[in-house]
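The values are calculated or read from the model by the stated rules, or taken from the named source; none is laboratory data. This one's a predicted model, so the numbers in the text were calculated from it and none came from an experiment. Here the Cβ positions follow ideal geometry from the backbone for every residue, glycine too, while neighbour counts run over all protein chains shown.
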Amino acid sequence: MITVLYIDDEPHNLISFRASFRRDFNIFTAESAEEGKKILDSNKQISVILSDQRMPKTTGIEFFESILEQYPDPIRILITGYTDINAVIDSINRGQVYKYLSKPWNDNDIKNFIEKAYEVYKLRKENKELTEKLLYLNEKLEFLARQSLLS
């Protein structure tokens, strides 16, 4: 099951999200970026993160930017009730956001975007594992080639 973290400072949005998608996804919710970071620290299985842009202490973009180094793998989706082209550009450039969605959301759209984001997550993870395996096998092959040259 896809594990999703949704961060929004408006509790009714979190309740609505959980009610809409609890059967489809394993859902964690947080009312702040700080709370979201704690959830990430304690749950390494989160593959998709949705965050509201406008929150009191930290914006969604700032949150995504702050977790990039420690948590580069989860796919990030920014949600906002405001249309701000600068926020869109910042979210892509600074927070490496996969998708930018507006409130109010359409349940079917959100579900589809989360599922597509998870596909990207899985493909990146498989690619990383295959690359590591290829590097390991290449090292073994080089070692064997050196051994045969020495003997």
### Task
Restricting attention to region 101-137, report how many residues are charged (D, E, K, R) and touching a Leu at 6+ places or on another chain (Cβ under 8 Å).
1
### Task
Would you please name the residue that is nearest to residue 110 (Cα to Cα), looking only at residues in region 1-21 that are in a loop (DSSP other than H, G, I, E, B) and without any contact (Cβ under 8 Å) to a residue 60 or more places away in the chain?
1
### Task
Return a yes/no flag: does region 112-124 have any residue that is touching a helix residue (DSSP H, G or I) at 6+ places or on another chain (Cβ under 8 Å), surrounded by 14 or more Cβ atoms within 10 Å (Cβ to Cβ) and either at pLDDT below 95 or hydrophobic (A, V, I, L, M, F, W, C) (or both).
yes
### Selection count where residues are under 11 Å from residue 32 (Cα atoms) and of a type in the set (A, V, I, L, M, F, W, C), scope region 47-71
2
### Query
Taking only pairs six or more apart or across chains, which ones have beta-carbon atoms under 6 Å, a first residue in region 22-38 that is farther than 22 Å from residue 68 by Cα, and a second residue that is aliphatic (A, V, I, L, M) and crowded, with 17+ Cβ neighbours inside 10 Å?
25/2; 25/4
### Test: residue 40 is out of contact with any Lys or Arg (no Cβ under 8 Å at 6 or more places or on another chain), surrounded by 15 or more Cβ atoms within 10 Å (Cβ to Cβ), farther than 19 Å from residue 98 by Cα and not hydroxyl-bearing (Ser, Thr, Tyr)
no
#### Entry: Members of region 57-101 found to be more than 14 Å from residue 6 (Cα to Cα), of a type in the set (Gly, Ala, Ser) and either modelled with pLDDT of 90 or more or not in a loop (DSSP other than H, G, I, E, B) (or both), listed by number
66, 87, 91
### Query
If you scan region 1-28, which residues turn out to be more than 10 Å from residue 46 (Cα to Cα), among the β-branched types (Val, Ile, Thr) and within 17 Å of the chain's Cα centre (by Cα)?
7
